[in-house]
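Encoded as structure tokens, the structure appears first; notes follow it.
Nothing in this text is a laboratory measurement; each read-out follows from the coordinates by a stated rule. Please read these numbers as outputs of a predicted model, since none were measured by experiment. Cβ atoms come from the backbone with ideal geometry, glycine included; neighbour counts cover every protein chain shown.
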Amino acid sequence: MMMLLVPLLVISILKCTISTGIVCPDQCTCNKSSNIEDYANHFHSKQPVAVHCLLGGLKDKNFAKLVQRLPSGTTTLWVVGSEINPNNFSMSEEFIRLNQLQHLHLIRCGLYSLGKRVLVKMKNLNTLHLEENLISHIGPDTFDNTEQLQKLVLRNNNLPLDALPTGSFAYLKSLQILDLSYNKKRGPFAANIFSGLINLRQLALDGDLLMQQDWRAFDDLPNIEKLLLHNCEISSSPPEYALRKNIRLKHLDLSANALTSTDLGYLIGRLPAIEELNISKNRRLLTELTAGAFAHARLKSLNLAGNGLGQLTNASSYQQQHHSALMTLLNGSRLEQINLCNNGFQQFQSSMLVSSQKTISKLSLCGNQLRFVDDQMTKDMYKLNLLDLSDNRIETLPIHLPSQFSNLVLLNLSGNAISTLHPEHMHSLKKLKVLDISRCKLTQLPGYMLDLTNSFDQIYLHDNPWSCRCEVGPLKKFLQKNKHKHSLRQVQCITPKDMQGLSVISIDEQNSNCILGHAQQSTRLKSKSSLFVIIIGMTLIVLLVNVTIVILCIYNRPNGTYRTHEENDERCHILDLPVSQTAVVKSLSPKSKQLLSDNSVTL
């Protein structure tokens, strides 16, 4: 008995401790666990503690108290404000005691600056997220003694990037990821702004103005592998020296700028290691076309989304201009992935991919105007295993899908007008692991169809107009059987109205009523069937009786004869015979006797 009481006592003490906020502040959750035993294991073994404070509303005083109450083993701290209830505090010396902190996230906290040497004792700090604040200043000693910091995110602040002094990040010798996106910049960078970042692998400057002379700043990043320059107002050809020293650059994002294919061809040609290029939404891409612009690069992935490659004015211009534009760009390339979403294609043929037709494994055609799927769409694409056809206008699929679909591992058909699927579709998708048919017009799926999807790792069915009448049974059973698959959550009823918004998997009572109604309906059908049989039987009996009567009448009717006046006279004379001639009368036939009798009565 005592052995049972001791654990209960320990758990009670832990509950009390947590509820008073001594171990975990009231405004926060620790370790993301509501299990007391798990928390006890972390507490006694001094394992790393993650603290999340996501309620907002923190000011300087209560934030200082929160920091003081953090567990001594805290290695991860999230403090996030909301738009409704933002935080508003400043960095204080309270952080000095958090010498075990490795990951710090202070997001939407109203920070104006980082203070002086606030991070000096955080020798183990690895990740620092300060996005969506009001930071307008960082000093040269802000990151002093933070040699272990590998990731720094300062996006969406008020930092004047053109006013940051040389060497602002010089102490960050181990930094690998730096995000300065969406800050303030009106002029060029200071000379050698990125000096000292010899280990930097990824730099994000999205939304920051990039001037011609700013390309020099990248010379101090010899090991950069990923450069993100989305929406940087780049409208002129980069200078000849641009990126020449970044020979390890693999991923380059130049989307939402105004570069031509000629500009891009020159720039990409200087990058021997380039593998991924994003040039989506470049409004001048088609103004100058260079044949085989990417042929000499080792590109594996190319994003051409939103460039109007498929928009047409008439059939001839569509065939001659837009098809040839894509073919001109891709000529000589050996891509593995291509994104052609939001280009206005009404039809697509794999031959448009020219030399990449047989090498592409991932094809994205989302957000176009495709209405059908045919063999020409994926012809000769033997390596294709991921196909995205989402948000098109496809209403039906051919019963026999193109043969290349048999190699697909992922198929995305979401956001189309598909209302039915055929069992042959599932048989054709022999290797499929992920199927997305969400946001379509499916109202029901038969049980045998769903059984064919058991081999899928994920199937997305949400946001369809599911009917939760009697036919929902197979879908509900399927959801119950596969509820461990996160993709099957949020599958809701749309009809009938009284069940709209209910989760299909939770309609037990309604489903039982449906079964009862089905039984009652079956009983009514049986009753109607029985009544129908009785009526048919009675009708047949009446018909049989009538037929029998007719037959009897036909067989028993007297033979038809023609009688003359003499015969009638003879009949009359027979009635006047004397009694002595009775024997003669007796010798007459029964019919003759009847005639005599009738005539005598008549007389």
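Between Met211 and Arg393, what is the FRET efficiency for a Förster distance of 51 Å, r being their Cβ-Cβ separation, to the nearest 0.05? Calculated transfer efficiency: 0.75. When the C-alpha to C-alpha distance is required to be over 24 Å, the pairs from Lys123/Lys185; Lys61/Lys123; Lys116/Lys226; Lys61/Lys185; Lys65/Lys121 that qualify are Lys123/Lys185; Lys61/Lys123; Lys116/Lys226; Lys61/Lys185. In terms of surrounding Cβ atoms within a 10 Å radius of their Cβ, Arg334, Arg244 rank from fewest to most as Arg244, Arg334.
Determine the alpha carbon to alpha carbon distance for each of Lys383/Lys441; Lys250/Lys485; Lys433/Lys477 and list only those over 25 Å.
Lys383/Lys441; Lys250/Lys485
Among the GluC sites (Glu not before Pro) in region 88-193, those placed in a DSSP loop whose Cβ has at most 15 other Cβ atoms within 10 Å are Glu147. Working note: Cα gyration tensor of region 334-441, eigenvalues times five, square-rooted, sorted largest first, giving semi-axes of 20, 16, 12 Å. The residues neighbouring Gln68, those whose beta-carbon lies less than 9 Å from its own, together hold a net charge of +2 under the Lys/Arg +1, Asp/Glu -1 convention. The Cβ shell under 15 Å around Gly57 holds other residues with a net charge of +1, Lys and Arg each +1, Asp and Glu each -1. Of the three principal axes defined by the Cα atoms of region 200-335, the extents in descending order read 50, 29, 22 Å. Note that region 384-392 has calculated 3J(HN,Hα) couplings of 5, 10, 10, 10, 10, 10, 5, 6, 10 Hz, one per residue in order, obtained from phi through the Karplus relation 6.51 cos²θ - 1.76 cosθ + 1.60 (θ = phi - 60°); glycine and proline are x.
With a Förster radius of 22 Å applied to the C-beta separation of His462 and Lys497, the computed FRET efficiency comes to 0.70. For region 218-228, 3J(HN,Hα) computed residue by residue from phi via the Karplus equation (6.51, -1.76, 1.60; θ = phi - 60°) reads 6, 5, 8, 10, x, 9, 4, 10, 9, 10, 10 Hz, glycine and proline entered as x. Taking label positions 7 Å along the Cα-Cβ direction at both Lys358 and Glu471, the computed distance is 4.6 nm, reported to one decimal. Rounded to the nearest whole Hz, the Karplus-based 3J(HN,Hα) values (6.51 cos²θ - 1.76 cosθ + 1.60, θ = phi - 60°) of region 337-350 follow the sequence 9, 9, 10, 10, 5, 6, 10, x, 5, 9, 8, 9, 10, 5, with x at glycine and proline. Close amide H partners of Leu221, meaning residues 5 or more places away or on another chain with modelled amide H under 5 Å apart, do not exist here. How many angstrom separate the Cα center of region 99-143 from the Cα center of region 263-298? That distance is 38 Å. A simple count of charges around Asn339, restricted to other residues whose Cβ falls under 13 Å of its Cβ and scoring Lys, Arg +1 and Asp, Glu -1, yields -1.
Gly332's amide H: which non-local residues (gap 5+, or another chain) put their own amide H closer than 5 Å, with H modeled 1.01 Å from N in plane and none for Pro or chain starts? The answer is Ser355.
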